[in-house]
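The values are calculated or read from the model by the stated rules, or taken from the named source; none is laboratory data. Keep in mind it's a predicted model, so treat the numbers as computed, not measured. A quick note on method: Cβ atoms are made from the backbone with ideal geometry, for glycine too, and the neighbour counts reach across all protein chains shown.
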Amino acid sequence: MLNIVLFGPPGAGKGTQSENIISKYNLTHLSTGDLFRKHLGEGTELGKLARKYMDEGRLVPDEVVISMVDDKIANTPETNGFIFDGFPRTVAQAEALDRLMEKNNIKISGMIALDVAEDILKERIRERGKTSGRTDDQDESKIETRIRVYLDETLPVAEYYEKQGKFTKINGVGTIEGIFADITKVIDQY
Ligand code: AMP
């Protein structure tokens, strides 16, 4: 089984590359941002709870995210593996994911981090905001908050995987195909 954490700041290209990885390796996409947006669209209690954090570009509390991921893994019985996209975003989430993996007798194969400079990220997010319909992509202060939250709370997650010898950084600037080719080189060594 391949279980890959695709890591990087908002706007790094995780969603785009996830799609490529999923079709090549036949994996299950587990994007916590997408799951929250689905709940939001369906008006569930979880969606209502998540909205106030998402609207401000802040992180939804760990226990809420973790139980949603637990649920998704439990309800995906037959799969070649998962692409974790936008999760884990805190060290507590990474620890919880390790426990969830153990409970299901599976392992994280590795983390692939997409490296993109901050000015390019902001430009990409603004561009995406023109068509994504995401309010958090359209407001400068929300974009700033999301990048700051990434640097303060999410970046330590990279170190968590580095300590386990599971971390690979890839240049996230270039053509989609070129970046994907670099990603496949890493995955093919798992
Ligand atoms: P994303 O689509 O990954 O950029 O996520 C959009 C928003 O959903 C984030 O700004 C957070 O408010 C929330 N979110 C998504 N994933 C997580 C996570 N793993 N932990 C906490 N909040 C999350």
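Among residues of region 148-172 being charged (D, E, K, R) and surrounded by 15 or more Cβ atoms within 10 Å (Cβ to Cβ), the one that is nearest to the ligand (Cβ to nearest atom) is Glu153.
Looking only at residues of region 106-115 that are surrounded by fewer than 17 Cβ atoms within 10 Å (Cβ to Cβ) and in contact with a Gly (Cβ under 9 Å, 6 or more places away or on another chain), we find that the one that is farthest from Gly172 (Cα to Cα) is Ile106. Screening Leu155 on (1) of a type outside the set (Val, Ile, Thr); (2) in contact with a Gly (Cβ under 8 Å, 6 or more places away or on another chain); (3) at pLDDT 95 or above shows it passes everything except condition (2).
Among the residues making up region 62-96, those that are hydroxyl-bearing (Ser, Thr, Tyr) and either within 14 Å of the ligand (Cβ to nearest atom) or on the phi > 0 side of the Ramachandran plot (or both) are Ser67, Thr90. Are any residues in region 63-96 under 23 Å from Asp188 (Cα atoms) and in contact with a strand residue (DSSP E or B) (Cβ under 8 Å, 6 or more places away or on another chain), and if so, which ones? Matches in region 63-96: Thr79, Asn80, Gly81, Phe82, Ile83, Phe84, Asp85, Gly86, Phe87, Pro88. Residues in region 135-147 that are at pLDDT 90 or above and either of a type in the set (Val, Ile, Thr) or surrounded by 10 or more Cβ atoms within 10 Å (Cβ to Cβ) (or both): Asp136, Asp137, Gln138, Asp139, Glu140, Lys142, Ile143, Glu144, Thr145, Arg146, Ile147.
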